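Any read-out appearing in this document is the output of simple, stated calculations on the displayed coordinates, not a laboratory observation. Every value quoted in this text rests on a predicted model; they were computed, and no experiment measured them. Backbone-built Cβ (ideal geometry, glycine too); neighbour counts: all protein chains shown.
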Amino acid sequence: MLTRKNRVSVNTTKPLLVLVVPARADEVNSAACPGETEFGSSALNESNRILKTATRTRMNRPTKQVRRDELRPGEVLCDHCTAKCCRYFSLAIDRPRTARAFDYLRWYLLHQYASIFTEDNDWFLLVHTDCKHLREDHRCGIYETRPQICRDYTTHDCEYDDGYTFDRYFETAEQIEEYCNARFHDIHSFRTPKPGLPILN
């Protein structure tokens with residue numbers, strides 16, 4: 001019961017432009033060139049803006065993900081994770097065997113943040129939503145009183161590696177409809193019958 005997350009990509013091919021200007025605008029000799037003081041101040045502001053942007057970019061740049069076999073003694077995967085297991089929950093659902101059962105699945109997927117996946121022919125409803133007690137540092141806000149399902153969960157085969165794929169994965173009601181129509185060979189499974197035309201006298 002794993003989910004994939006979007007990864008952040010940073011373009012590092014563009015060169016960083018750094019403007020070298022006096023530390024203070026009043027250090028510029030305005031007598032040598034009228035208006036140079038204003039230019040120096042403007043350039044200084046622009047330089048500061050660029051440097052601040054570059055600093056934020058470096059701070060937000062994702063670091064290389066630590067592999068499981070690279071953990072040092074005393075470390076756990078949670079120290080390097082963004083709490084992926086706390087950002088969804090999944091529930092086992094009955095395997096759909098009729099068009100009516102598939103119509104219920106369509107209803108699930110008409111709601112935001114819901115998807116459906118299968119594993120070994122077992123079907124699951126997946127709801128993408130963060131735990132309300134997840135803190136900004138990706139730690140649990142109720143760790144000492146967390147539910148038993150959280151206590152039982154381990155990092156042995158968790159979502160950390162991001163290398164998991166589903167047997168089947170449905171994100172939209174239209175995907176469920178297409179799958180059902182293909183299975184039952186009926187393109188009208190979910191269509192309302194066309195009303196009959198009135199007879200004109």
| request: Filter the GluC sites (Glu not before Pro) in region 65-167 to those in DSSP coil with at most 10 other Cβ atoms within 10 Å of their Cβ, and list the result. | output: Glu136
| message | Could you check the spin-label model distance between Cys158 and Asn121? Points 7 Å from the Cα along Cα→Cβ, value in nm. | response | 3.2
| field | Residues Asp122, Asp130, sorted so that the one with the fewest Cβ neighbours within 10 Å comes first | value | Asp130, Asp122
| When a footprinting reagent is the concern and you count Cβ atoms within 10 Å, what order do His138, His156 take, fewest first? | His156, His138
| What trypsin sites (Lys or Arg not before Pro) in region 64-167 are in a loop by DSSP, with at most 15 other Cβ atoms within 10 Å of the Cβ? | Lys64, Arg67, Arg97, Lys132, Arg135, Arg139
| task | Taking the Cβ of each residue in Ser115, Ser90 as the centre, tally the other Cβ atoms inside 10 Å and list the residues starting with the fewest. | result | Ser90, Ser115
| Radius 14 Å from Cβ of Arg97, net charge of other residues (Lys, Arg +1; Asp, Glu -1) | 0
| note | re region 78-184: pairs of Cα atoms spaced beyond 21 Å account for a percent value of 44
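For an R0 of 35 angstrom, estimate the FRET efficiency from the Cβ-Cβ distance between Lys132 and His185 and round to the nearest 0.05. Numbers along the way, then the final one.
Working: r = 45 Å, r/R0 = 1.28.
In this case the efficiency is close to 0.20.
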